[in-house]
Amino acid sequence: VRSWLSDARRLSRDVLLDHGTSETRRAQRLRLATDIVEIDTLATHLAYDRLADTGTVRGLAEVRLRMLMLLPIATSIEDRLAALGKMALQRQPELQRLIGDVAAWIVDEDRQRQSGEQIRATVTARLSALDGLAPRERILTISLLLRLRDLIDISADCRAVADAIAAGRDISTVQLAFHPESGAAPVRHRDHGMALWSAAGTAVAILICCGVWIATGWADGASAPMMAAVACSFFAAQDEPARSIRAFGLFSLVAIVVVAIYQFALVPGISHVEVLIAALAPTFLLYGFLIARPKTSPIGMALAANTATLLALQSTYTADFASFANTSVAFFLGVVIAEIVTRIARGVGAEWIAKRLTTSSWQTLAVAAERRGRGDRAQFAGLMLHRLGLLVQRIAFISESDRRDTDSLVQLRIGLNIIDLRRARYGLAASTVRAIDHMLDDLAAAFRAHADQALPAELLSCIDAAVTAVVKDPNERARDDALLGLVGIRRGLFPDAPAYRSQPEESFAA
């Protein structure tokens, strides 16, 4: 986690000061997204560790929440800075100084502990001093400052929680500025179709093994369906489980040889439990070493599980070679049948999984556009970020257009802006709400069809029509909030489109 936070601070600084190339920052974002999934997996098990303090578990959950939201916030800041351009920033020297101060503050741990409130106050003061700006520049600057404030809150919270964990303090006593409702809930992507398909493949493999066992009257054939169930279940979550099942089967053969040596060469001469422990220790300590190393963990898992299962130690020695040989053959046969069935049922590969993830994200965006006023921002953010982490792990199998979406977190940013726009619309006039709802319906239809075709060009006109209606609304606060959402949607979907113009003297770029 410390390493991740260090990388996150470095990315934030590079975004604010425009350090490095876009490819460098892209690589940083992809690495951070992958790390989120890995840390999330480890954190799931931490709660069951007896040595883990409950405060540490709670603190890690708070850090994870902020880790999830950092990527879309940093990307939004980068986008707003690009939209403003160097000329606009030069016209706002106070904003330039503020950005430099935030960048220096983020990477300086001592300053974070001492001057968090001061830099937040500076951002708030700047938010109230934008009246002299052109409408387009004002909206973009407000959006940038709001994202800067979120970035400051996240960075300060992570530092405060890390300090509390290191000092052994109660996490509940830490003052946190970035609240969960504004962030991401711990929601996981679940592919129910793939889960059902994997379960069906497992059931077929078990039934085939049972059929062979019953048809042959094989006395020791029960090991075949057992191992088919184990092999299919162990690797069901992988993109290409058949490869892992084959490796599992090969190391099962090694385990069979190890067990044969113990059963018929070593164990018959052992009469005390202490000697038995001494004889088993070298083998199982080696297995434990293999399991502890990520690169060899699958090997160690296969050897340890299969050796312990086949060894089947009892209080008395009753080993019989014929029975052992029959059980071993059935054991291996179950793995072979599991691999064959899995290759037939799950021969789609990582590219197909990546496509399903991308399609699921567009469908989730459609749902976000169709709903009206649901308080589901945190759930949406958590789901999309978890899906992003899964997608990044398959980056080599994703098309160029989908890689662009993954790199810039376009889908996530669009969705969050849609949800913010839905909330802002309730303070607007009825005619303005109708224009926004019409745009949201068009967005939903386009998102549902986006997996098979590109977004229609007419969608840009629909967004501009909504902007036109919002610009004319008399409620200033709700109007600005709605414009911020529309800015994000237009920038996310059509980043290269010309700036929106309602009148020759006004330009609201999105």
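Since every read-out is calculated from the coordinates, none of them should be taken as a lab result. Everything quoted here is computed from the prediction, not taken from an experiment. All Cβ positions, glycine included, derive from the backbone under ideal geometry; neighbour counts span all protein chains shown.
If you count, for each residue, the other Cβ atoms within 10 Å and average over each peptide, how do 326-334, 229-237 line up from highest to lowest?
Details: 326-334: 21.2, 229-237: 19.7.
Output ranking for 326-334, 229-237: 326-334, 229-237.
Quickly estimate the mean residue ellipticity at 222 nm for the chain, helices only: each DSSP H run with n ≥ 4 gives -39500 (n - 2.57), and the total goes over all residues, rounded to 500. Display every interim value, and only then the final one.
On the way: 20 runs with 376 residues, N = 510.
After summing the helix terms and dividing by residue count, I get -25000 deg cm²/dmol.
Percent relative contact order of region 192-347, based on C-alpha pairs within less than 8 angstrom and at least six residues apart?
Working: 154 pairs, mean separation 65.9, N = 156.
Reported relative contact order: 42 percent.
Can you give the FRET efficiency for T173 and R423, using 1/(1 + (r/R0)^6), R0 = 35 Å, r = Cβ-Cβ distance, to the nearest 0.05? If you can, show how the numbers build up before the last one.
Working: r = 32 Å, r/R0 = 0.90.
Efficiency at R0 = 35 Å is approximately 0.65.
Place a point 7 Å from the Cα of A195 along the Cα-to-Cβ direction; which residues of region 24-45 have their backbone N under 20 Å from it?
37-38, 40-45
Roughly speaking, what is the stretch gain from A312 to V37, that is 0.36 nm per residue apart minus the C-alpha to C-alpha distance, in nm to one decimal? Show your work: numbers first, answer last.
Details: separation 275, 0.36 × 275 = 99.00 nm, distance 3.65 nm.
Extra length from A312 to V37 when fully extended: 95.3 nm.
If I compute Cα extents along the principal axes in Å from the structure I just sent, which labelled value in (1) 64, 52, 44; (2) 73, 69, 46; (3) 94, 51, 37 lines up?
(3)
Subtract the Cα-Cα distance of D480 and F264 from 0.36 nm times their separation in residues, and report this length gain in nm to one decimal.
Working: separation 216, 0.36 × 216 = 77.76 nm, distance 8.03 nm.
So the extension gain works out to 69.7 nm.
Please list the helices of the chain that count as membrane-span-like by this rule: a mean Kyte-Doolittle hydropathy of at least 1.0 together with Cα atoms stretching 27 Å or more along the helix axis, each helix being a complete DSSP H run. Mind showing how you got there, number by number?
Working: long enough: 22-46 (36 Å, -0.34); 54-90 (51 Å, 0.56); 135-167 (48 Å, 0.57); 192-216 (36 Å, 1.55); 241-261 (30 Å, 1.81); 321-345 (36 Å, 1.58); 349-370 (32 Å, 0.02); 430-449 (29 Å, 0.38).
Both cut-offs are met by 192-216, 241-261, 321-345.
Please tell me the relative contact order of the chain in percent, rounded to the nearest whole number, where contacts are Cα pairs under 8 Å and at least six residues apart.
Numbers: 570 pairs, mean separation 88.3, N = 510.
Across the chain, relative contact order equals 17 percent.
If packing is taken as the average count of other Cβ atoms within 10 Å, what order do 154-164, 197-207 fall into, highest mean first? Write down the numbers at each step before the final one.
Working: 154-164: 21.6, 197-207: 17.9.
Listed from highest to lowest mean packing, they are 154-164, 197-207.
Once R0 is set to 56 Å, what does the formula 1/(1 + (r/R0)^6) return for the Cβ-Cβ distance between L127 and H45, expressed as a FRET efficiency to the nearest 0.05?
Details: r = 42 Å, r/R0 = 0.76.
Efficiency, from the Cβ-Cβ distance: 0.85.
Excluding G193 itself, what net charge comes from residues whose Cβ is under 14 Å from its Cβ, given Lys and Arg +1 and Asp and Glu -1? Each step should come with its number before you reach the end.
Values: positive: R190, R346, K355, R356; negative: D191.
It works out to a net charge of +3.
Which value in nm describes the separation of the simple spin-label points at R10 and W352, placed 7 Å from the Cα toward the beta carbon?
3.9
V367 to E240: FRET efficiency via 1/(1 + (r/R0)^6), r the Cβ-Cβ distance, R0 30 Å, to the nearest 0.05? Don't jump to the answer; show the numbers that get you there.
Working: r = 30 Å, r/R0 = 1.00.
So the FRET efficiency works out to roughly 0.50.
Distance in nm between label sites at L286 and D18, each 7 Å beyond Cα in the beta-carbon direction?
6.0
Residue separation times 0.36 nm, minus the C-alpha to C-alpha distance between F321 and L276: what's the value? Show your work: numbers first, answer last.
Values: separation 45, 0.36 × 45 = 16.20 nm, distance 2.01 nm.
Full extension of this stretch gives 14.2 nm more.
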